[in-house]
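Let me begin by presenting the structure, written as structure tokens, before commenting on it.
The values are calculated or read from the model by the stated rules, or taken from the named source; none is laboratory data. Note that the structure is predicted; figures quoted are calculated from it, not measured. Please note: Cβ atoms are built from the backbone with ideal geometry, for glycine as well, and neighbour counts cover all protein chains shown. Just the protein is used for accessible areas: all its heavy atoms, side chains included, with ligands, DNA and RNA removed. Shrake-Rupley method; radii C 1.70, N 1.55, O 1.52, S 1.80 Å.
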Amino acid sequence: MSTVSPDVAGNAVAPVDAIVIGAGFAGLYMVHKLTQMGLSVKAFETGADVGGTWYWNQYPGARTDSEASFYAFSFSPELDEEWDWQERFPTQPEVRRYLGHVADRFELREHFTFNTRVDSATYDETDHLWRISTSDDEQHVARFVISGVGLLSAPIWPEFEGLENFQGRWVHTARWPSEKVDLAGKRVAVIGTGSSGVQIIPEIVDTVSELIVFQRTPNYVIPARHQDFGDDDRAEIRGQLDQIRELNRTTPFAFPYPMTGRKALDFSEDERNAIYEEVWQRGGLRFMMETFDDIGFDLEANATASEFIRGKIREIVRDPETAELLCPTYPFTVKRPPTCVGFYEAFNRDHLQLIDVRKTPITSITATGVRTSAEHFEADVIILATGFDVGTGAITRIDIRGKDGLSITDKWKDGPRTFLGLAVNGFPNYFMIGGPHYAAGNFPTVIEEAANWISKVIDHAQQHSYQEIEASEEAEQSWMKHVEEVTAMTFFPKYAREANSYNYGANVEGKPAAVIPYYGGANLYFDRCDAEIADGFTSFTMK
Ligand code: NA7
């Protein structure tokens, strides 16, 4: 774009075609797509480097739950050839290096301004442009804005009374500092037992002198089975990539695990447990997909999987009381299960204590530790592994205003409303990757599909010289009706509160109880997005 347009303060600013927010998987690939199309692009990232979630979450033990063979981009055969994964479940430093390599390899860094937060984005209906202000007090103007801010990127900072008076050190897993946090011989309190808490606990248990774990809701933790990769493993993966990607595109969770064709209750208890055991030994999230097809939607079938895992917990954890505290009562899969090596085993260590904060809530942080309604725990370091305001948090923390000055926070006050999780009525020329109602599934696949789709809708607008493209109200209503109908068919809403599921906003006080992911199947979701392209984006109004 070449015309000059005034910014919010009335100064002349040359608009660009697109502004991309975030330098994680989503932002990097989106910038790549748009620049390949010949568009002028500016991109902003709060962190000092690329990586997104893999930049910030550098706590000890952080690594993927998904296997290297499919937790990666698929768009470049050259990239496949030149990147050698080191481990089956890559560590945070490895994924961050990979994304750094992608940024260098495709010359993406030059489009990014780092250490810079997008504070606000305001749509100007007169010239159909977005006006953006950033934390460095600069103003920018763009035709399109694409949010790649991440689903799990707005940390929850629990408002514990007295945290500011704590004389030791406290850190959040999602803002772990680059310099080493010395935990050797220290008394450490970990608050939270989601994926981050679950990963950090076995990683530090041998280093610390005392570990106090504050658990609110237990999780079903699946063993990960780590494995270092050799050349043979890498060659094997490269040989399977076509098949892996075909499955990512055609299976309900965008994972390369085909449906098994098995129903849990069609098997005797012994046969069923043998299947659970075999997949448990193989490790990782495949336990959700490679055991029985119906455990995600049939409660009776699900109960067999839930009981199998509870049996494992009781088998591994020697103290029966601790084991029971670690056993979830809600059905498996209502919360996304963490994967880890050595989590339950850590609870057999004498210097680890498990505290149930549902029974005895944390009442304050004192100068020397954590106080619950029952007792005081001395600590030198407090680790907040308290998670994220998932799906909407990172979006609504930016002051985004569409037509008639409506803010996205107001639009979503009763829960997010989107069209395909990609666009929002009232917010023309604004698109989201990984926003609410994204297809639940393997993130890199979902992200690539979303960015490909957004590049097509933008291309369509460019080809027809449309200055404004907006998801229609009817399209949004119809999509939301579908999202809600699909959700109502699952048992997830029924147990969301008991499980404190972040997929229903249940982990954030005051957040509306509304579904965040789309549960209708990633494969069907991708087909729906493709149909929109084939139909010429008829769900949009164009000006
Ligand atoms: P999660 O999975 O949201 O876990 C956060 C944990 O922190 C969870 O156990 C919470 O309990 C707990 N929490 C949050 N606030 C409090 C307070 N105030 N007191 C006690 N406990 C609290 O976030 P993670 O970072 O572990 O993992 C996020 C994703 O990263 C994960 O799903 C994977 O996709 C990778 P709750 O369960 O809400 O009762």
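Points to keep in mind about this one:
- V198 being within 16 Å of the ligand (Cβ to nearest atom), surrounded by 19 or more Cβ atoms within 10 Å (Cβ to Cβ) and over 28 Å from I408 (Cα atoms): yes
- Considering region 365-399, and only residues there that are closer than 17 Å to V171 by Cβ and surrounded by 23 or more Cβ atoms within 10 Å (Cβ to Cβ), the residue that is nearest to the ligand (Cβ to nearest atom) turns out to be G387.
- Conditions (1) assigned to a loop (DSSP other than H, G, I, E, B); (2) free of Cβ contacts under 8 Å to residues at least 60 places away in the same chain; (3) open to solvent by 70 Å² or more (accessible area, probe 1.4 Å); (4) within 16 Å of the ligand (Cβ to nearest atom): number failed by A513: (2)
- Of the helices (runs of 4 or more DSSP H) lying entirely inside region 1-101, those containing at least 3 residues that are under 30 Å from R282 (Cα atoms), under 19 Å from the mean Cα position of the chain (by Cα) and modelled with pLDDT of 95 or more span 53-56.
- Qualifying residue in region 512-533 (condition: polar (S, T, N, Q) and under 30 Å from E468 (Cα atoms)): yes
- Region 286-326, residues that are assigned to a loop (DSSP other than H, G, I, E, B) and either of a type in the set (D, E) or at pLDDT 95 or above (or both): E290, T291, F292, D293, D294, I295, D298, V317, R318, D319
- Positions within region 403-421 being part of a loop (DSSP other than H, G, I, E, B) and closer than 27 Å to Y519 by Cα, in sequence order: W412, K413, D414, G415, P416, R417, T418, L420, G421
- Residue check, R117 touching a residue at least 12 places away in the same chain (Cβ under 8 Å), touching a strand residue (DSSP E or B) at 6+ places or on another chain (Cβ under 9 Å) and closer than 21 Å to H172 by Cα: yes
- Each residue in region 163-191 was checked for being part of a helix (DSSP H, G or I), of a type outside the set (A, V, I, L, M, F, W, C) and open to solvent by less than 60 Å² (accessible area, probe 1.4 Å), and 1 pass.
- Exactly one residue out of A499, A450 is open to solvent by less than 20 Å² (accessible area, probe 1.4 Å) and in contact with a Lys or Arg (Cβ under 7 Å, 6 or more places away or on another chain), and it is A499.
- Condition check for Y518: surrounded by 18 or more Cβ atoms within 10 Å (Cβ to Cβ), touching a residue at least 40 places away in the same chain (Cβ under 8 Å) and among the hydroxyl-bearing types (S, T, Y): yes
- Scope region 284-306; condition surrounded by fewer than 20 Cβ atoms within 10 Å (Cβ to Cβ) and within 27 Å of the chain's Cα centre (by Cα); matching residues: R286, E290, D293, D294, F297, D298, L299, A303
- So F431, is it aromatic (F, W, Y) and either in contact with a strand residue (DSSP E or B) (Cβ under 6 Å, 6 or more places away or on another chain) or free of Cβ contacts under 8 Å to residues at least 24 places away in the same chain (or both): yes
- Test: residue in region 241-253 that is more than 10 Å from the ligand (Cβ to nearest atom), among the basic types (K, R) and loosely packed, with under 14 Cβ neighbours inside 10 Å: no
- Here region 434-447 is the region considered, the condition is being part of a loop (DSSP other than H, G, I, E, B) and within 11 Å of the chain's Cα centre (by Cα), and the residue that is nearest to A68 (Cα to Cα) is N442.
- Once region 317-334 is narrowed to residues that are open to solvent by 40 Å² or more (accessible area, probe 1.4 Å) and either touching a Phe, Trp or Tyr at 6+ places or on another chain (Cβ under 8 Å) or charged (D, E, K, R) (or both), the residue that is nearest to P517 (Cα to Cα) is E324.
- Candidate set: region 203-214, residues that are surrounded by 21 or more Cβ atoms within 10 Å (Cβ to Cβ) and within 14 Å of the ligand (Cβ to nearest atom); chosen: the one farthest from A346 (Cα to Cα): F214
- Test result for Y276, surrounded by 19 or more Cβ atoms within 10 Å (Cβ to Cβ), closer than 23 Å to V198 by Cβ and over 26 Å from the mean Cα position of the chain (by Cα): yes
To keep it simple, each residue is scored yes or no on (1) of a type outside the set (V, I, T); (2) within 16 Å of the ligand (Cβ to nearest atom).
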site: A471; (1), (2): yes, no
site: E474; (1), (2): yes, no
site: Q477; (1), (2): yes, no
site: K481; (1), (2): yes, no
site: E484; (1), (2): yes, no
site: T487; (1), (2): no, no
site: F491; (1), (2): yes, no
site: A496; (1), (2): yes, yes
